[in-house]
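Before any comments, here is the structure.
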Amino acid sequence: MSRLRFGIFMAPFHPAGENPTLALQRDLALVEHLDRLGYDEAWIGEHHSAGSEIIASPEIFIAAAAERTRHIKLGTGVTSLAYHNPLWVTERMVMLDHLTRGRAMLGVGPGSLPTDSAMLGLNPTDTRELMDVNFDVVMRLLTSDEPVSVETPTHKLVDARLHLRPYSEPHMDVAVAAVPSPTGPRLAGRHGVGRLSIGATMTEAGFDALAHHWNVMEERAETFGTAVDRAKWRLVGVMHIAETREQAYRDVEYGIEQWFRYFQKVAAFPQMAVEGGDIREMIDFVNTSGIGAIGTIDDAAAQVQRLVDQSKGFGAMLLLAHEWANPEATKRSFELVAQHVMPAFQAQAQATLDAKARATDTRTGYAEQQNQAVAHMTEKYEREVAAGRP
């Protein structure tokens with residue numbers, strides 16, 4: 001089995017009205033914690049409204065996080081490409097690629113919150129149309145030295161070129177956001193880049209569409225002469241893990257209701273539809289609908305395996321960062337996943353289990369040999385003493 005990477009997708013989600021300065025510091029501290037635990041990736045969101053998802057510039061956050069970490073890769077999850085000049089988006093990412101020595105990743109999407117795009121005079125249809133043309137510009141800039149001249153509904157480029165070539169060869173990792181519709185897989189396949197399945201587990205339709213979406217990517221890749229790689233496919237899901245199910249349930253009483261109410265009543269993002277009138281109904285919805293796991297390490301491992309089986313294989317499991325539990329319990333959840341779940345999907349668990357089994361099978365015989373060796377040396381000593389030898 002190939003090594004499955006693990007990471008987070010951080011929107012982030014914080015209760016409106018709380019101290020935003022402290023919330024952002026918690027986000028940075030969590031990325032540092034994940035770096036120490038050996039997580040592979042952290043994807044940081046871009047949002048500008050609705051009061052909860054308070055990171056406006058993932059690039060700035062990544063620059064701060066990169067100075068606090070050593071190994072974890074850091075991606076924009078996602079840059080809302082319709083909101084920006086694609087030339088400057090690419091320039092900023094190339095700069096981050098150099099500053100992080102290849103740890104920066106570019107995730108792109110049309111923008112998820114209509115309350116964001118409305119302030120620019122754009123509707124959701126506009127942002128998806130702009131996403132298509134802007135992403136084409138980004139990829140031309142990254143993959144070619146030829147100048148780009150193009151006029152979009154929002155920007156005009158004249159002989160545009162990158163100031164620096166990427167640090168990574170041929171360029172930083174690039175992924176396109178996807179929800180249950182085939183729009184994201186279609187674009188990822190056309191350009192031969194990765195895919196971020198953000199709503200993959202949030203609805204039954206999203207889960208059922210996983211294998212179909214990979215077929216869309218392969219069909220588009222064949223049509224446009226590109227290649228797609230399952231290792232660059234990332235699925236986003238929700239979890240909170242504790243030593244017991246009862247403890248996990250108590251933990252999420254801290255903040256799961258705020259998270260559910262945000263999607264039920266505030267954010268106009270139906271792809272993240274959730275159900276539940278009280279906390280227990282919310283917990284049951286997560287566990288029984290299949291969108292995630294609130295429980296133990298066994299529940300977490302079963303959910304990951306379920307996604308592996310449904311998708312027929314993917315490259316990274318991204319846990320949606322949230323504050324269902326307090327900061328200490330949240331960090332502990334990530335620790336339990338790193339300690340007990342990740343090894344099973346990274347070819348690290350079985351070797352030690354096999355070694356334990358071999359030692360168990362041969363223990364009786366080897367223990368007897370040990371006893372015989374002790375008896376032999378004891379007898380040898382007694383003979384030496386009896387013979388008067390020093």
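Computed values, structure above
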quantity: Considering residues of region 290-305 that are outside any strand (DSSP E or B) and more than 22 Å from residue 177 (Cβ to Cβ) only, the residue least open to solvent (accessible area, probe 1.4 Å); calculated: 300
quantity: Which numbered condition residue 236 misses (of (1) open to solvent by 60 Å² or more (accessible area, probe 1.4 Å); (2) assigned to a strand (DSSP E or B)); calculated: (1)
quantity: Residue 249, sole failed condition from (1) aromatic (Phe, Trp, Tyr); (2) at pLDDT below 95; (3) farther than 30 Å from residue 190 by Cβ; calculated: (2)
quantity: Strands (runs of 3 or more DSSP E) wholly inside region 70-177 that include at least 2 residues being surrounded by fewer than 16 Cβ atoms within 10 Å (Cβ to Cβ); calculated: 148-151, 156-160
quantity: Members of region 267-281 that are at pLDDT 95 or above and part of a helix (DSSP H, G or I); calculated: 279, 280, 281
quantity: Candidate set from region 337-347 (those that are open to solvent by 50 Å² or more (accessible area, probe 1.4 Å) and assigned to a helix (DSSP H, G or I)); member that is farthest from residue 252 (Cα to Cα); calculated: 344
quantity: One residue from 353, 318 being over 30 Å from residue 282 (Cβ atoms) and either in contact with a helix residue (DSSP H, G or I) (Cβ under 6 Å, 6 or more places away or on another chain) or of a type in the set (A, V, I, L, M) (or both); calculated: 353
quantity: Any chance residue 36 is part of a loop (DSSP other than H, G, I, E, B) and surrounded by fewer than 23 Cβ atoms within 10 Å (Cβ to Cβ); calculated: no
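Conditions (1) surrounded by 10 or more Cβ atoms within 10 Å (Cβ to Cβ); (2) closer than 23 Å to residue 75 by Cα; (3) without any contact (Cβ under 8 Å) to a residue 40 or more places away in the chain, marked per residue:
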{"position": "332", "(1), (2), (3)": "yes, no, no"}
{"position": "335", "(1), (2), (3)": "yes, yes, no"}
{"position": "350", "(1), (2), (3)": "yes, no, yes"}
{"position": "373", "(1), (2), (3)": "yes, no, yes"}
{"position": "379", "(1), (2), (3)": "yes, no, yes"}
{"position": "388", "(1), (2), (3)": "no, no, yes"}
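The values are calculated or read from the model by the stated rules, or taken from the named source; none is laboratory data. In this text the structure is predicted, and so the values were computed from the model without any measurement. Glycine gets a Cβ as well: all are built from the backbone with ideal geometry, and neighbour counts include every protein chain shown. Surface areas here come from the heavy atoms of the whole protein model, side chains and all, with no ligands, DNA or RNA. Shrake-Rupley method; radii C 1.70, N 1.55, O 1.52, S 1.80 Å.
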